[in-house]
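Everything on this sheet refers to the single structure shown next.
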């Protein structure tokens, strides 16, 4: 009997040693490496969330405070500002206002910005302007995709700042251009400031991030599988307070894993994310690029797309003016019950899909999927939703069509915001009752933030979250790790 007990004890010791070699401890939980390493190429940052003193505004930088001296400020990725527009010498508020020299006999746009609307919803555009002479023909309004072109003019404009507003009863447009312009003459000028677009009568709360600062330039890896670096991170919060995610092109001491699944301990605000498990088998068989992940009813899902190279000019394109952009053969979703073994699901989208890049959000009974087409120049973001119980069944997906959720295919989807959203992350802040989205902006060249009262919006304009730490480390694909009340922590990858 004693001999049998000794054999059993020896077997248990051997099993425990084997478990530790595989990075596991009792109960199947990953063992924590007492000598943790770091995974480079990632920046962890924290930001405070405060009430926006300017209130809700669908226009980005309506006060012209951030980009007036920057060519990006004149980019058509969000706002069109002609070359004859400059900074006003005496602003209405803040440090800057827009100054437009007319110097022409005819019409001139002074500023145009695209926004996405809901059908059968009224919107109010307001602004302040002054002009060189009384009776200057300044117009403001909305140019709609369905042919609407609504203008308003006040004949009392002169060289005193005055506020103007116009309310537009939208019917069927889902994207319009909010504009200010006018019929001009030589040696005349117009100055504009504090442009705002809101749903008419809206008292929406709006928030903005402040004081965003890097807390770490790497991620602690306390797993027994050493990872030296990775090109991109995709991460999501689990209901138990841990974080799951994927490291794209993770480099170990002796191999490279295309997409390595990882998990962390329960998230500690003071310590930040601490990885305790990294799988050595790739989530995907090929070099797919992850964009989003979520866990639904105990199953983990990862959305990926396949890069297909840069576009070439077609017969209708002028080779001298054609701007190439990256393309994709399509996107697909992989699933796993334990993070170790992954299988390709039936969820897939073709090359021309509006959901090549994605972000997941779970709210109530639904999983929401925010999407954008392939290419850095894609201007619109779209939204689908599905009951959590039907997540793996693509025919059950519904699409936000501008006024209601429509079953069918993605061609029904209307844009919910305008401007390239790169690789985004969307979360809900229950203490603030607001939805939050962060991504890298093609207009600002910074990580930016938008908020909304509903998953479909209306969404605010871009607010700067954080600039790049330096010119050598441009950040992209920010992923929210935790959000509650006034605090938000996120991790961003570094473009190489």
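Residue by residue, here is whether (1) at pLDDT below 50; (2) under 39 Å from the mean Cα position of the chain (by Cα); (3) part of a strand (DSSP E or B) holds:
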{"residue": "8", "(1), (2), (3)": "yes, no, no"}
{"residue": "15", "(1), (2), (3)": "yes, no, no"}
{"residue": "18", "(1), (2), (3)": "yes, no, no"}
{"residue": "33", "(1), (2), (3)": "no, yes, no"}
{"residue": "44", "(1), (2), (3)": "no, yes, yes"}
{"residue": "54", "(1), (2), (3)": "no, yes, no"}
{"residue": "60", "(1), (2), (3)": "no, yes, no"}
{"residue": "72", "(1), (2), (3)": "no, yes, no"}
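Run down 457, 445, 402 and say which single residue is on the phi > 0 side of the Ramachandran plot and in contact with a helix residue (DSSP H, G or I) (Cβ under 7 Å, 6 or more places away or on another chain).
Exactly one residue qualifies, and that residue is 445.
Assigned to a loop (DSSP other than H, G, I, E, B) and in contact with a strand residue (DSSP E or B) (Cβ under 8 Å, 6 or more places away or on another chain): does that describe residue 158?
Considered against the rule, which asks whether it is assigned to a loop (DSSP other than H, G, I, E, B) and in contact with a strand residue (DSSP E or B) (Cβ under 8 Å, 6 or more places away or on another chain), residue 158 comes out as yes.
Do we have residue 373 as modelled with pLDDT of 95 or more, out of contact with any helix residue (DSSP H, G or I) (no Cβ under 7 Å at 6 or more places or on another chain) and surrounded by 18 or more Cβ atoms within 10 Å (Cβ to Cβ) here?
yes
Of the conditions (1) part of a loop (DSSP other than H, G, I, E, B); (2) in contact with a strand residue (DSSP E or B) (Cβ under 9 Å, 6 or more places away or on another chain), residue 465 fails just one. Which one is it?
(1)
Looking at residue 102, is it over 27 Å from residue 202 (Cβ atoms) and at pLDDT 60 or above?
When the stated conditions are applied, residue 102 passes them.
I'd like to check which strands (runs of 3 or more DSSP E) are fully inside segment 230-285 and have at least 3 residues that are under 16 Å from residue 493 (Cα atoms).
By residue number, 232-237, 243-251, 256-264.
Yes or no, residue by residue, for (1) in contact with a helix residue (DSSP H, G or I) (Cβ under 6 Å, 6 or more places away or on another chain); (2) crowded, with 21+ Cβ neighbours inside 10 Å; (3) assigned to a strand (DSSP E or B); (4) touching a residue at least 60 places away in the same chain (Cβ under 8 Å):
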| residue | (1), (2), (3), (4) |
| --- | --- |
| 165 | no, no, yes, no |
| 171 | no, no, no, no |
| 179 | no, yes, yes, yes |
| 182 | no, yes, yes, yes |
| 187 | no, no, no, yes |
| 191 | no, yes, yes, yes |
| 194 | no, yes, yes, yes |
| 202 | no, no, no, yes |
| 205 | no, no, no, yes |
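Yes or no: residue 249 at positive phi, touching a helix residue (DSSP H, G or I) at 6+ places or on another chain (Cβ under 9 Å) and either at pLDDT 90 or above or surrounded by fewer than 17 Cβ atoms within 10 Å (Cβ to Cβ) (or both)?
no
Only one residue in 295, 280, 291 is in contact with a strand residue (DSSP E or B) (Cβ under 7 Å, 6 or more places away or on another chain), surrounded by fewer than 17 Cβ atoms within 10 Å (Cβ to Cβ) and either modelled with pLDDT of 90 or more or under 13 Å from residue 336 (Cα atoms) (or both), so which one is that?
Step by step, each of 295, 280, 291 is checked, and only 280 is in contact with a strand residue (DSSP E or B) (Cβ under 7 Å, 6 or more places away or on another chain), surrounded by fewer than 17 Cβ atoms within 10 Å (Cβ to Cβ) and either modelled with pLDDT of 90 or more or under 13 Å from residue 336 (Cα atoms) (or both).
Can you find a residue that is free of Cβ contacts under 8 Å to residues at least 40 places away in the same chain and at positive phi anywhere in segment 410-433?
For segment 410-433, residues free of Cβ contacts under 8 Å to residues at least 40 places away in the same chain and at positive phi: absent.
Among the residues of segment 311-326, is any over 21 Å from residue 339 (Cβ atoms), in a strand (DSSP E or B) and in contact (Cβ under 8 Å) with a residue 40 or more places away in the chain?
Looking through segment 311-326, at least one residue is over 21 Å from residue 339 (Cβ atoms), in a strand (DSSP E or B) and in contact (Cβ under 8 Å) with a residue 40 or more places away in the chain.
Return a yes/no flag: does segment 300-309 have any residue that is surrounded by fewer than 24 Cβ atoms within 10 Å (Cβ to Cβ), assigned by TED's automatic domain parsing to the domain that holds residue 45 and more than 24 Å from residue 352 (Cβ to Cβ).
yes
Give me the residue from segment 334-370 that is touching a helix residue (DSSP H, G or I) at 6+ places or on another chain (Cβ under 7 Å) and closer than 23 Å to residue 285 by Cα and, out of that set, surrounded by the most Cβ atoms within 10 Å (Cβ to Cβ).
So the residue we want is 355.
To keep it simple, each residue is scored yes or no on (1) within 18 Å of residue 79 (Cβ to Cβ); (2) at pLDDT 75 or above; (3) within 30 Å of the chain's Cα centre (by Cα); (4) loosely packed, with under 15 Cβ neighbours inside 10 Å.
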| residue | (1), (2), (3), (4) |
| --- | --- |
| 123 | yes, yes, yes, no |
| 127 | yes, yes, yes, no |
| 130 | no, yes, no, no |
| 139 | yes, yes, no, no |
| 158 | no, no, no, yes |
| 161 | no, yes, no, no |
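Residues of segment 341-364 being modelled with pLDDT of 95 or more, more than 13 Å from residue 383 (Cα to Cα) and in a loop (DSSP other than H, G, I, E, B), which ones?
Across segment 341-364, the qualifying residues are 341, 342, 351, 352.
The values are calculated or read from the model by the stated rules, or taken from the named source; none is laboratory data. As the structure is a computational prediction, the values presented were derived from the model and not from experiment. Reconstructed Cβ throughout: ideal geometry from the backbone, glycine too, with neighbour counts over all protein chains shown.
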